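The values are calculated or read from the model by the stated rules, or taken from the named source; none is laboratory data. Bear in mind that the values here come from a model prediction, so they are computed numbers and not experimental data. Glycine gets a Cβ as well: all are built from the backbone with ideal geometry, and neighbour counts include every protein chain shown.
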Amino acid sequence: MKNLLFLGLFFIMTLRPAKAQEVCGSVNSEGGTLPSTTTVLKGGKEITNQGVLKVLVIFVRFADDTQNTSTWPDYTVLPSWATTFVDAQVPDDGIYTAKNLSDFFNRASGGLGTGLPLGKLKLIGNVYYVTTDNPRSSYTSDGQVNQHVWAKLDPVINYNLYDNWRFMKDNQQYNHEYLSGSGDGIVDYIFMIWRGASISLGSNVGGYKPLPGSYTSNDGDAISSRSGSMQFNYRNKGAFDVTARTIYDPAHEFMHYIFGGSGNVDSHIDGRVLLGIQNIGNVEWFSLMTRGAYGNMSAYERYRAGWLTPTVVEATTTLDLLDTHIKNKAVLIPIRKDSYGNFLEYFIIENYQTIYSYSTANPFLRYQIFNHSISRGALAYHVEDEHFSLPTSSKLDIEAADGLWNWDLSQGASTPSDRSDDIIFRATPAPSSSSSYDERDLIYINVSGTVNEYLALTPESDPSGQDLRRRYTRDATLGDNEDFFRETEVNICSNWSNPNTNKLDGNASNTAFQMLTYNSSTKAYSLKVAVGYNDVVSLPPSVPQNLVFTNANTHNQYPYLTWNANTEPDLAGYDVWREYKEPGYTQTDKVGSLVTGTSFTDYGIRTSSSSNNTITYWIKAVDNSALVSNSSNKVSSKSMFLPKRVDDEVLSIKPANFEITQNRPNPFNPSTIIEFALPEVSNVSLKVYDVLGREVQVLADGEISPGFHAVELNAVDWPSGAYFYRIVATGKSGNQFTKVMKMALAK
């Protein structure tokens, strides 16, 4: 099946000085040596994934193509970047031409890139430039052009130099025999690279395989559909440090032969969408094998290509997570196996360095794809359903660090059946399906009774600065800063976090991982992996989700916060933090500690839309072992002056007395808020009773810090009627406060 690849983005890199290549007329010299050994290697499905592979790179110009471009300033000769598209021989020092195709596969297959050791695949070859005898209009297909070019090259090259392998020895896939100059009679691999567009498939095609056309050389070597791939529009591409597609297009097509896939099976990682099975969307920029939006090879792809051997962790441990793109390291955590011990479901965690230098980073990263400036991060791939014979059909997702994403829809000007102009924006969480909350690539929205899946979004902003997303038929800017786990932000993935480590069937995996620290010298994370329920529980709580700020009239302009409840079984409560800023002054305080509930009213300050002062809040979850989560998202508003300031340095918002307020709303259905104030650290008992005096629920029982506090009572399963709540607070000083209040549940 022809795999259509569409034009993508550009990226900027530094280019190592090109190795000298002698260009003779329209072709270059055939340098390079190959080992003389004969070896059978298990490897890629349709082509070798290891050893030396000598390829033929042919740039093609039509006779009537006389266009000069900024990246190809003289159409009559190859630009310098094209002459070094591949290296002619394996370098003794392990250093290929920077960012060319040989360098790409050296690094992808485990090579250091800056010297020895070399990677498992040593892709070398020769580059030629051929001008057709006839104008483009005289040809009717891509295959017809290819056959003309191969015949024109035949008198000046030896095709036998590019036939060193017998693929699928004994007709067995993954079984390839290296024979050095006496292969199977079929040329191993040709990259046909056209300056112009495809004739057969149109101008927007970036490349495809299998190779169209057929030919038998004077030396008796055949060129078949298995012998390579097509790439187009290189008149407008350029040096390896200018455009990603210069290298990604041919690398992508080559990997189709490593991973396999043909006929009715789409061989792109996101091809499951075409088969009616939702796969990834947010992995697109982190994967080479997505459809037309690909980036560098992910840890998963390297693993399935046989180029990466991850550290498999099946017991609780702490270890270093080294740089995947330089040190070729990753961590694999199995969560489901078959009866033979094969991994059916697992996490593979990649240290994705993005600082832009060879010594510390992925040199092929297209960093312009991200919405934010980033320097580092870890990507956690959840392989939900491994496909052993066709890796691109495995069900794969990135567990994204920003967690809860929910969306509202504004219908565009067109009819509901036309989704192209709809506007999607973040909304108050109200999940409309049972799908995982972190699935930004799978968003269900009901419009006029029709449920639509919004599979791809692109960021925009309206004049007011609201973060909007517009849905197109297909876009590919998913994959951004929020997909990364970092030790200072969302750093834990567990049974109870969002996203979580649950299995595909929804059951708990009883595994977790935590990013502990980052070493800026070694570029390594300290990663803790917990295996087993007790060890997972012993980790700190996950980051609280979806902190929302309101100051509605019902709260008398007091800041009112709500958030989603953490579900860890050992959760002890939440700490509420506030940063107050006015010109020349900043004050940060913990303004509340809640034992229960997911809301808080800050009685220490009021909002004011006309003020130049700002208040910012965030919360942290605390467990029974006093372990504290990372901070939630932050929310801000304008505010009045703080009520008390001492010498412009000390802030006190402690209430003067014990207090408890009438619950609100009252009557209520089914939830209500009870607020109380403590002037000192106190042991607090807050309980609810029915009219017969029977204890119904404990809202607080333990030591609470001074300040203003709020708890939420949810009585969804209670019968209507009158109830009472009673507080008993004993301060550290011995002062005691007791009060009983009445409330009504009206259903």
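Please enumerate the residues belonging to region 676-687 that are of a type in the set (A, V, I, L, M, F, W, C), surrounded by fewer than 19 Cβ atoms within 10 Å (Cβ to Cβ) and at pLDDT 90 or above. I'd like the intermediate steps shown before the answer.
At the first step, the residues of region 676-687 found to be of a type in the set (A, V, I, L, M, F, W, C) are 676-678, 681, 684, 686.
Narrowing further to those that are surrounded by fewer than 19 Cβ atoms within 10 Å (Cβ to Cβ): 681.
Correct list: empty.
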Residues (modelled with pLDDT of 85 or more, surrounded by 21 or more Cβ atoms within 10 Å (Cβ to Cβ) and either touching a helix residue (DSSP H, G or I) at 6+ places or on another chain (Cβ under 9 Å) or part of a loop (DSSP other than H, G, I, E, B) (or both)) located in region 332-369: Leu332, Ile348, Ile349, Glu350, Asn351
From (1) touching a Ser or Thr at 6+ places or on another chain (Cβ under 9 Å); (2) in a loop (DSSP other than H, G, I, E, B); (3) among the aromatic types (Phe, Trp, Tyr), pick out the condition that doesn't hold for Trp81. (2)
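Residues in region 62-97 that are of a type in the set (D, E, K, R) and within 22 Å of Asn126 (Cβ to Cβ): how many? Steps first, please.
First, pick out the residues of region 62-97 that are of a type in the set (D, E, K, R): 64-65, 74, 87, 92-93.
Still in the running and within 22 Å of Asn126 (Cβ to Cβ): 74, 87, 92-93.
Within region 62-97, residues that are of a type in the set (D, E, K, R) and within 22 Å of Asn126 (Cβ to Cβ) number 4.
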For Ser70, state whether it is in a loop (DSSP other than H, G, I, E, B), modelled with pLDDT under 50 and surrounded by fewer than 16 Cβ atoms within 10 Å (Cβ to Cβ). no
Which one is modelled with the lowest pLDDT among residues in region 655-675 that are touching a Leu at 6+ places or on another chain (Cβ under 8 Å) and assigned to a loop (DSSP other than H, G, I, E, B)? Pro655
Before we move on, is Val60 in contact with a Lys or Arg (Cβ under 9 Å, 6 or more places away or on another chain) and either farther than 30 Å from Lys329 by Cα or part of a loop (DSSP other than H, G, I, E, B) (or both)? yes
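Here is a check on your reading of the model: is Gly306 modelled with pLDDT of 90 or more and not in a strand (DSSP E or B)? Talk me through it step by step, then tell me what you get.
On the way: modelled with pLDDT of 90 or more: yes; not in a strand (DSSP E or B): yes.
Taking the combined requirement at face value, the residue satisfies it.
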Members of region 696-736 found to be under 18 Å from Thr661 (Cβ atoms) and among the basic types (Lys, Arg), listed by number: Arg726
Filter region 586-608 for residues that are at pLDDT below 85 and aromatic (Phe, Trp, Tyr) and give the result. Tyr603
For region 510-520: of the residues being touching a residue at least 40 places away in the same chain (Cβ under 8 Å) and surrounded by 22 or more Cβ atoms within 10 Å (Cβ to Cβ), which is farthest from Gln545 (Cα to Cα)? Thr511
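Matching residues to (1) at negative phi; (2) free of Cβ contacts under 8 Å to residues at least 40 places away in the same chain; (3) under 34 Å from the mean Cα position of the chain (by Cα); (4) not in a loop (DSSP other than H, G, I, E, B):
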{"position": "Val543", "(1), (2), (3), (4)": "yes, no, yes, no"}
{"position": "Leu547", "(1), (2), (3), (4)": "yes, no, yes, yes"}
{"position": "Gly573", "(1), (2), (3), (4)": "no, no, yes, yes"}
{"position": "Trp577", "(1), (2), (3), (4)": "yes, no, yes, yes"}
{"position": "Phe600", "(1), (2), (3), (4)": "yes, no, yes, yes"}
{"position": "Thr614", "(1), (2), (3), (4)": "yes, yes, yes, yes"}
For Gln67, work out the one condition from (1) within 24 Å of His252 (Cβ to Cβ); (2) in contact (Cβ under 8 Å) with a residue 40 or more places away in the chain; (3) not small (Gly, Ala, Ser) it doesn't fulfil. (1)
For region 78-112, enumerate the residues that are within 17 Å of Ala305 (Cβ to Cβ) and small (Gly, Ala, Ser). Ser102, Ala108, Ser109, Gly110, Gly111
Checking Pro210 against (1) at pLDDT 95 or above; (2) under 21 Å from Ala197 (Cβ atoms), only one condition comes out false. Which one? (1)
Of the conditions (1) at pLDDT 95 or above; (2) under 23 Å from Leu118 (Cβ atoms), Ile247 satisfies every one except a single condition; which number is it? (1)
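Tell me, which residue of region 110-135 that is of a type in the set (S, T, N, Q) and at pLDDT 95 or above is surrounded by the fewest Cβ atoms within 10 Å (Cβ to Cβ)? Spell out how you get there, then give the answer.
Within region 110-135, the first condition is being of a type in the set (S, T, N, Q), and the residues that meet it are 114, 126, 131-132, 134.
From what's left, at pLDDT 95 or above: 126, 131-132, 134.
Details: Asn126: 24, Thr131: 16, Thr132: 18, Asn134: 12.
Across region 110-135, the extreme among qualifying residues is Asn134.
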Among the residues of region 43-67, what is the count of those that are within 38 Å of the chain's Cα centre (by Cα) and under 18 Å from Thr246 (Cα atoms)? 6
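Results for (1) part of a helix (DSSP H, G or I); (2) under 17 Å from Tyr189 (Cβ atoms); (3) within 34 Å of the chain's Cα centre (by Cα); (4) touching a residue at least 12 places away in the same chain (Cβ under 8 Å), shown as yes or no for each residue.
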site	(1), (2), (3), (4)
Gly220	no, no, no, yes
Arg226	no, yes, yes, yes
Arg235	yes, no, yes, yes
Ala251	yes, yes, yes, yes
The condition from (1) modelled with pLDDT of 50 or more; (2) within 32 Å of the chain's Cα centre (by Cα) that Leu4 misses is numbered (1)
Which residues, counting only those in region 605-630, are small (Gly, Ala, Ser) and closer than 16 Å to Trp577 by Cα? Ala621, Ser629
Of all residues making up region 170-212, the number that are of a type in the set (D, E, K, R) and either over 38 Å from the mean Cα position of the chain (by Cα) or within 30 Å of Asp74 (Cα to Cα) (or both): 4
In region 170-204, which residues are out of contact with any strand residue (DSSP E or B) (no Cβ under 8 Å at 6 or more places or on another chain) and closer than 25 Å to Leu390 by Cα? Asp170, Asn171, Gln172, Gln173
Restricting to region 703-725, give me the number of residues that are farther than 15 Å from Leu678 by Cα and surrounded by fewer than 19 Cβ atoms within 10 Å (Cβ to Cβ). 10
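Could you please find all residues in region 557-571 being more than 34 Å from the chain's Cα centre (by Cα) and touching a residue at least 60 places away in the same chain (Cβ under 8 Å)?
If we filter region 557-571 for residues that are more than 34 Å from the chain's Cα centre (by Cα), which is where we start, we get 557-559.
Of everything in region 557-571, just one residue is more than 34 Å from the chain's Cα centre (by Cα) and touching a residue at least 60 places away in the same chain (Cβ under 8 Å), namely Pro559.
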From the options Thr598, Thr588, Thr562, residue that is of a type in the set (S, T, N, Q) and within 27 Å of Leu516 (Cβ to Cβ): Thr588
